[in-house]
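Comments concern the structure below.
The values are calculated or read from the model by the stated rules, or taken from the named source; none is laboratory data. Everything numeric here is computed off the predicted structure, so don't read it as measured data. Note that we place each Cβ from the backbone using ideal geometry, even for glycine, and neighbour counts take in every protein chain shown. The accessibility values were calculated without ligands, DNA or RNA, using every heavy atom of the protein model including side chains. Shrake-Rupley method; radii C 1.70, N 1.55, O 1.52, S 1.80 Å.
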Amino acid sequence: VRVSGWQAWADATACRLHGAQRWRAPRAFAPDRDGGGVTGAYDGRPVTSFASNDYLGLTHHPAVVAAAHDALDRDGAGSGSARLIVGARAVHDDLERELAAWKHEEAAVVFPTGFAANIGALSAFGGHDVLVCSDELNHASIIDGCRLAHSDVAVYRHRDYDELATLLDRSSAARRMVVSDSVFSMDGDLADIEALAKLCRAHDALLVLDEAHAVLGPDPTVALDGVAHLRVGTLSKTLGALGGFVAGPRAFTDLLVNLARSYIFTTAPTPADTAAALAALRVLRSSEGDALVERLAGNVARLAPHATSPIVPVLCGDDGVALDTAAALLDRGLLVPAIRPPTVPRGTARLRIACSAAHTETQIDALRSALDDARPGWC
Ligand SMILES: Cc1ncc(COP(=O)(O)O)c(C=O)c1O
């Protein structure tokens with residue numbers, strides 16, 4: 001049988017990825033019934049997971065699960081099509097209204113994922129006469145959104161706002177945009193929102209802030225006053241469901257509905273996901289939510305006193321070292337993913353710990369002592 005060119009290409013590509021220790025495949029994770037999402041069986045082995053972005057443990061919250069069940073019974077499993085075609089369910093509108101209120105914005109638009117929200121916002125507001133300035137450690141969905149913006153894209157060094165100022169000063173583009181994670185997803189460090197806002201105000205640049213991981217802050221509301229902005233968020237991390245959103249002035253969000261291809265040409269989030277996110281948002285905005293955030297902050301401080309977000313990286317450098325360290329932790333029943341290029345720059349492979357309010361102090365202490373053994377001086 002003649003092997004097709006595509007088969008040969010697939011084999012060679014897989015071989016190259018294996019050779020570079022970059023081959024990946026998801027393994028099975030079955031959460032325990034009463035483990036708050038943080039304990040379960042990973043490939044059949046009991047583990048405590050520090051891998052999930054369900055920072056507040058809301059995925060398993062009874063009110064969130066019940067809301068998803070109700071929506072499923074009432075509205076069915078799917079949304080049928082894009083909202084401009086089939087119409088919005090009441091739960092879509094309710095969620096957008098409450099997301100806008102939460103963010104102190106005029107309006108919000110829900111997308112199927114946070115990834116879709118970023119590519120939708122950046123492609124809709126980009127164009128040939130726009131300069132887009134992007135932090136070098138921004139999330140992949142921002143990088144892809146920049147590609148789809150059909151704009152000049154200038155990547156500035158991580159959190160180097162002097163370089164950003166120079167780029168903005170030198171630009172003769174008709175419009176300028178600056179895009180940044182507010183909490184960087186693989187490093188857990190924070191953008192300086194004040195500095196970004198000041199530069200954007202001075203250059204009349206649109207600031208697109210991705211707040212996917214901003215469960216413990218920073219809150220940019222005050223800094224954004226008087227700055228043209230869009231706030232991108234996700235329903236899949238702090239809110240424990242699935243979906244994304246963009247919040248901002250109504251004139252901007254209405255334009256997204258008309259221009260963002262990842263809103264227009266895709267089916268709306270399912271009623272169950274939307275209802276789950278809405279219920280989670282209501283928990284988050286209650287005194288119970290305050291307590292969960294406080295608990296998460298306590299867990300982060302217990303694990304890594306200097307961390308500024310629930311994402312705690314443990315730098316290994318070499319891909320193999322990161323994989324071996326993750327394997328050593330797994331042997332002790334601790335699931336901490338090794339993150340390798342291309343997710344992070346070459347030579348900066350690491351473990352990425354995600355803390356949750358659902359972790360107990362005992363679980364946090366177990367991770368600490370395992371890290372002390374596997375990578376002394378890690379913290
Ligand atoms: C900073 C950032 N933005 C956007 C996304 C995409 O969000 P979602 O998983 O909802 O597509 C992620 C997550 O993976 C992220 O880390």
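Surface composition of the chain: carbon plus sulfur atoms contribute 53% of the solvent-accessible area (1.4 Å probe, protein chains only, all chains present).
Of S141, S185, S49, which has the largest mean-square fluctuation in a 10 Å C-alpha GNM of the chain? For the chain, modelled as a Gaussian network with Cα springs under 10 Å, the answer is S141. The share of Cα pairs per 10 Å bin across region 13-58, counted from zero up to the longest distance, runs 25, 36, 24, 15, 0 percent.
Rounded to the nearest whole Hz, the Karplus-based 3J(HN,Hα) values (6.51 cos²θ - 1.76 cosθ + 1.60, θ = phi - 60°) of region 76-86 follow the sequence x, 7, x, 8, x, 4, 5, 5, 5, 9, 9, with x at glycine and proline. Working note: 222 nm ellipticity from helices only, DSSP H runs with n ≥ 4, each -39,500 (n - 2.57), summed and divided by the residues of the chain, gives -13000 deg cm²/dmol to the nearest 500. In the chain, what % of DSSP beta bridges are antiparallel (nearest 5)? Beta bridges within the chain, antiparallel portion: roughly 50 percent. For region 1-80, trypsin sites (Lys or Arg not before Pro) meeting the loop criterion (DSSP other than H, G, I, E, B) and having at most 15 other Cβ atoms within 10 Å: R2, R22, R24, R27, R33. Residues in region 312-329 carry Karplus couplings, in order, of 10, x, 10, 5, 10, x, 6, 4, x, 5, 4, 5, 5, 5, 4, 5, 5, 5 Hz; the curve used is 6.51 cos²θ - 1.76 cosθ + 1.60 with θ = phi - 60°, and Gly or Pro positions show x.
The protection proxy used here, the mean number of other Cβ atoms lying within 10 Å of each residue, ranks peptides 276-284, 255-263 as follows, highest first: 276-284, 255-263. Protein heavy-atom accessible surface, 1.4 Å probe, per residue over the chain: 46 Å².
Applying the criteria of a DSSP loop state and at most 16 other Cβ atoms within 10 Å to the GluC sites (Glu not before Pro) of region 119-219 yields E136.
Under 4 °C and 1.567 mPa s, how fast does the chain diffuse according to Stokes-Einstein, given a Kirkwood radius computed over C-alpha pairs? Answer in µm²/s, whole number. Could you put the intermediate results ahead of the total?
Values: Rh = 21.9 Å.
Reported coefficient: 59 µm²/s.
Post the alpha-carbon centroid distance, region 303-368 to region 243-269, in whole angstrom. The distance from the Cα centre of region 303-368 to that of region 243-269 comes to 34 Å. Of the chymotrypsin sites (Phe, Trp or Tyr not before Pro) in region 1-90, the ones in a loop by DSSP (not H, G, I, E or B) with at most 11 other beta carbons within 10 Å are W23.
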